[in-house]
């Protein structure tokens, strides 16, 4: 069996950072992807890239691989060092860093990292069977912005996303894709929607990956969200605050009546139970009182304020210790 230089396969230095490894793999994967590449032996080169990336992206597998040192050259006949099986190889799926499928990788890879799978009855024949499996496409993630009204009521919406796709010339490029999404009633920012088999296409007839859409609710001019609770600022006049009033207040489900008790003050929160975002435990809506004072623009208006100052002696700063 021949020794494989994974660093050379990806065209990187042995001191390459995880980001360097990722960027090198992505660049070369686009070049040799069998579905789009016209390069000779593209499929074999793509498999070599996947194998190298699987090892070098994982801290444990990379460390084990690096233990082989620089005594080997690519293409040389390779045999594991003495006691490699006892001291270095992985013996459980957890030690393998979650790697579950060795299909399509070389005997060199299987020799170094295949013990965990062989222990489950998957020897050389098992690896040959795995090589014959199709490869599932990668999952994709994207963020979509929705209105608060659509999140409250639920809606069927159409979005355009920039995704990698094969163009008419067979090259992998970013293209605009239109998707239809059903926004569930009571959706919240950060919630993810899964669109099965809407991710990148698979290889060799393998099924496509999934598309995960993260929701973000855009800012609303009237309402704000805190969890499932909805807040609205309630501007009132000084006389409404002092005497009380019946006020019509907007909610996302329509207008409702709200009773403002006499003596209201700025910052006071009035609760409308169950008027927040829908859900198993619906949120509430809170109206936050904000007293607004009319501007005195005329002599008569100023005189009115002066009369109030005389007949309604009030010092809002009486508790200050000055």
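FRET efficiency for the pair residue 317 and residue 246, taken as 1/(1 + (r/R0)^6) with r the Cβ-Cβ distance and R0 = 35 Å, rounds to 0.65.
Residue ranges 289-298, 46-55, 273-282 sort as 46-55, 273-282, 289-298 when ordered by packing (mean number of other C-beta atoms within 10 Å per residue, highest first).
If you plug the beta carbon distance of residue 13 and residue 253 into 1/(1 + (r/R0)^6) with R0 = 51 Å, you get a FRET efficiency near 0.25. In this simple spin-label approximation, residue 162 and residue 297 carry label points 7 Å from Cα along the Cα→Cβ vector, and these lie 4.8 nm apart.
How much of the pair distance distribution for segment 223-311 lies past 23 Å, counting alpha-carbon pairs only, in percent? Display every interim value, and only then the final one.
Details: 1419 of 3916 pairs.
In whole percent, the share of Cα-Cα pairs in segment 223-311 beyond 23 Å is 36.
Only the coordinates and a few stated rules stand behind these numbers; no lab work does. Note that this is a predicted model, so its numbers are computed, not measured. Cβ atoms come from the backbone with ideal geometry, glycine included; neighbour counts cover every protein chain shown.
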